[in-house]
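Participant: I'd like to ask some things about the structure below.
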Ligand SMILES: [Mg+2]
Ligand SMILES: [Zn+2]
């Protein structure tokens, strides 16, 4: 459908080449693929239970990679385990401060994430939560709230548990070694795509797109 048919379709005119905005609406339109991104060790350096916004450091290429997703109209949705909250190391306010600093640094580089979901629970919590990765609760919620087709989505992180939801939900997993001080890549099943960082991961998502 030509968005030019709609009077006042100003959003569709924002793209520089005159093509329609790639962002489909949520009003009953077909679900679209998203890229689910782990945060710590994937977008920012994993400082282990980071609660101080001054400690936020973007990983090399992370902002540029997310900007590519933005330009392609693919939702970039953060899904992050924050067990530091459940363990009592810090609170929701500290989590939000670190997240705000992360998003400010991304914004300086012209990138944004479309949504953020976090699990605040500690592993082994009773009753067990359904949101700590590798559980899929947050992905299912994100799909409902953002019109995401989980089977066509990508699950990106520096831990195999970030990718495990793809096995149940039908998408594809990409393991980034970026912040890795562990042997996740050695333990990865053969079908898991292993890349060095987020830029390489996004190149797998958008192979037809010219690299920036
Ligand atoms: Mg991580
Ligand atoms: Zn949880």
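Participant: I'd like to know if the range 40-61 contains one or more residues that are buried (at least 17 other Cβ atoms within 10 Å of the Cβ), in contact (Cβ under 8 Å) with a residue 40 or more places away in the chain and in a helix (DSSP H, G or I).
Facilitator: There is no residue in the range 40-61 that is buried (at least 17 other Cβ atoms within 10 Å of the Cβ), in contact (Cβ under 8 Å) with a residue 40 or more places away in the chain and in a helix (DSSP H, G or I).
Participant: Within the group 95, 36, which residue is within 16 Å of ligand 2 (Cβ to nearest atom), at pLDDT 95 or above and more than 25 Å from residue 150 (Cα to Cα)?
Facilitator: The conditions single out 95.
Participant: Select, from 178, 122, the only residue that is more than 17 Å from the chain's Cα centre (by Cα), surrounded by 15 or more Cβ atoms within 10 Å (Cβ to Cβ) and not in a helix (DSSP H, G or I).
Facilitator: When all the criteria are applied, what remains is 122.
Participant: So, one more: Filter the range 126-152 down to residues that are closer than 21 Å to residue 85 by Cβ and in contact with a helix residue (DSSP H, G or I) (Cβ under 6 Å, 6 or more places away or on another chain) and give me whichever is surrounded by the most Cβ atoms within 10 Å (Cβ to Cβ).
Facilitator: 139
Participant: While we're on this one: What residue, of 122, 188, is within 16 Å of ligand 2 (Cβ to nearest atom) and in contact (Cβ under 8 Å) with a residue 24 or more places away in the chain?
Facilitator: Checking each option against the conditions leaves just 122.
Participant: Now for a different question. Quick check: is even one residue across the range 99-114 in contact (Cβ under 8 Å) with a residue 12 or more places away in the chain, within 16 Å of ligand 2 (Cβ to nearest atom) and either assigned to a strand (DSSP E or B) or under 20 Å from residue 58 (Cβ atoms) (or both)?
Facilitator: No.
Participant: Here is a follow-up. Which one of these is at pLDDT below 95, part of a helix (DSSP H, G or I) and farther than 26 Å from residue 87 by Cα: 186, 200?
Facilitator: Checking each option against the conditions leaves just 186.
Participant: Of the conditions (1) modelled with pLDDT of 95 or more; (2) more than 30 Å from residue 164 (Cα to Cα), residue 59 satisfies every one except a single condition; which number is it?
Facilitator: Only one criterion in (1) modelled with pLDDT of 95 or more; (2) more than 30 Å from residue 164 (Cα to Cα) is unmet by residue 59, namely (2).
Participant: Follow-up question, since we're still on this one. One residue is enough: does the range 136-158 have a residue meeting the conditions within 16 Å of ligand 1 (Cβ to nearest atom), within 18 Å of the chain's Cα centre (by Cα), within 18 Å of residue 31 (Cβ to Cβ) and not in a helix (DSSP H, G or I)?
Facilitator: Within the range 136-158, one or more residues are within 16 Å of ligand 1 (Cβ to nearest atom), within 18 Å of the chain's Cα centre (by Cα), within 18 Å of residue 31 (Cβ to Cβ) and not in a helix (DSSP H, G or I).
The values are calculated or read from the model by the stated rules, or taken from the named source; none is laboratory data. Keep in mind that this is a model prediction, so the values were computed, not measured. A quick note on method: Cβ atoms are made from the backbone with ideal geometry, for glycine too, and the neighbour counts reach across all protein chains shown.
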